[in-house]
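Right, one structure below, let's go through it.
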Amino acid sequence: MKPHHLILATALATATIGCTSQSTDETTTTTETAQTTNPLQQKLDMYTTVRLTSDLSQLTEKERQMIPLLIEAGKIMDKLFWYEAYGKGDSLLTALDNDAAKQFVQINYGPWDRLNNNEPFIEGAGPKPAGANFYPADMTKEEFEKANLKDKASLYTFVRRDANGNLITVPYHVQFKDDVKRASDLLKQAAALAEDAGLKKYLTLRADALLTDNYQPSDLAWMDMKNNTIDVVIGPIETYEDALFGYKAAHEAYVLIKDQDWSKRLAKYAAFLPELQRGLPVAANYKKETPGTDSDLNAYDVVFYGGDSNAGSKTIAINLPNDEEVQLKKGTRRLQLKNAMRAKFDKIMVPIADELIADEQQKHVTFDAFFANTMFHEVAHGLGIKNTINGKGTVREALKEHASALEEGKADILGLYMITQLHEKGELEGSLEDYYTTFLAGIFRSVRFGAASAHGKANMVRFNFFKEHGAFERDEQSGKYRVNYAKMREAMNKLSEKILTLQGNGDYAGVGKLLNEQGLVDANLQADLDRLSKASIPVDVVFEQGVDVLGLK
């Protein structure tokens, strides 16, 4: 077997022209400049640079000492994700003699363009394996399913071959023994500095979890934290990178500083979850589960991204833990990454609205609505159904590699449902026109992430469903979109019912059909997205980050 990361060094220096986007970052000032740069530079210009900073004056001296330790642990997660996504990243980067190629490889954690459906941009790279580096590159789904390995579907094992070519499993904490020991030690050092008892307990348990792959105790402790200003999300968490089965969790890290004032404004909404669950527009047996109400809504400045969270399009809100048992016992925590969110709104959303939203509706695209739509997307992960109604196990188990895209689609549409319901109760300020118009502009932003992204595919499904149901019209003369607010609400309820039913039934084939038929960008939409590229509107952001940016030693 030839590992997929072994590519001829001579071929690596040459990049293919596989991307239609030619948007620009802050360093490119004219369309002419973009047109004269090489194809890889044009790809780099899809991203605009943002400095990740925060007001550190609110922190105690010990909290300031914790941040460098947590960032150092986050850098280790970054290294582990490189292995999971690609393999030996150092060999790839060493073989490149083109600075633009190196930068774009680092953004994508490999030679595949995450914002262009994982198309290879380095000659000789070949297609990205659906299972990334979690499984042998030559393994078929059938071989995996026949293998009698009790922990083969574990979130925390690699599937490998033994000397005889038979499939075996290797636990993460064994594969990464030395690295997780270093990360664990750093978390323990941070725990020793922690002045908040809840944070101290969480960091201690998370340090242990890295050495054992038993993350539930630390997830429960993380849910119990209430008053901490410093936070860190670290470890193998999301399963998006495993596009073969959606079983394997990838390593990532966020280092966070809580915005106490904004967090107080958000605290009340979790209490509405049971009532909103009962009102979901779906048959009763698809909403019989009771969501946890111990959920937190908080706003943060993020000061470090590492690993999976830093690959390609950047997350601006988090809903965790993913463990269904923890969710049913404790709910989840929803973390809104306010500084990253603001950067995306100013640099990407506003220019998109100017280009694609009808002039008289552009006033309805607001940051408060963008923040709320993003926040309630995360809250809405707690609504609906976690276990199938027909004995197929959890929704995630039943839907396999389709689970993530459908769950993101559910969260988007039920987030809008929550906003509508809370607004009618007088619990949410602003106009529904703001939320609905910003929601449509947000679809244009997210579909640019491409079909390789669960979020991008979910947005395509929703766009096409809304189009079929008249939720918006496109003016042929101006090429701009106008929301039909009444029809958008009807489409919202219909799509909510469809997704919740597919999840509750564990309908793997039905979800595959929906994603294959509706998760596509048609020629008209692609032409409009190309207009955004020609207008030099970036697709996403990259970060200047770390202790130097923060002014810490």
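No lab work stands behind these numbers, since they all come straight from the coordinates. These numbers were taken from a predicted model, which means no experiment stands behind them. Glycine also receives a Cβ, built like all others from the backbone with ideal geometry; neighbour counts cover every protein chain displayed.
The amide H of Y86, built 1.01 Å from its N in the peptide plane, has N133 as neighbours under 5 Å, considering only residues 5 or more places off or on other chains.
Straight-line cross-link partners of K487 among the lysines, defined as a Cα under 26 Å from its Cα and at least 8 positions apart when in the same chain: K287, K363, K410, K425, K457, K467, K498, K513. Under 5 Å between amide hydrogens, built in the peptide plane, is the criterion, and for K480 it picks out D475 among residues at least 5 positions away or on other chains. Considering helices alone, the calculated mean residue ellipticity of the chain at 222 nm is -14500 deg cm²/dmol, with DSSP H runs of length four and up weighted by -39500 (n - 2.57) and normalised per residue. Counting only Cα atoms, segment 62-110 measures 42, 22, 15 Å along its principal axes, largest extent leading. Per-residue packing, averaged as other Cβ atoms within 10 Å, sorts the ranges 47-54, 350-357 into the order 350-357, 47-54, beginning with the highest. In this structure, the residue pairs whose Cα-Cα separation is over 32 Å, taken from K338/K392; K43/K258; K152/K344; K344/K480, are K338/K392; K43/K258; K152/K344. Taking amide H positions as modeled 1.01 Å from N, with prolines and chain starts lacking one, the residues under 5 Å from D259 and 5 or more places away or on another chain are A299, Y300, D301. Backbone phi angles across segment 276-287, fed through the Karplus curve with coefficients 6.51, -1.76 and 1.60 (θ = phi - 60°), yield HN-Hα couplings of 5, 4, 5, x, 4, x, 8, 4, 4, 6, 9, 9 Hz in residue order; Gly and Pro are listed as x. Helices in the chain that qualify as membrane-span-like (whole DSSP H runs, Cα extent of at least 18 Å along the helix axis, mean Kyte-Doolittle hydropathy of -1.0 or higher) are 61-85, 177-193, 197-212, 367-380, 403-424, 432-447, 454-468, 485-505. Each of M492, M349 was scored by other Cβ atoms within 10 Å of its Cβ. Listed from fewest to most, they are M349, M492. Remark: the Cα gyration tensor places the chain in the rounded category, a/c being less than 1.5.
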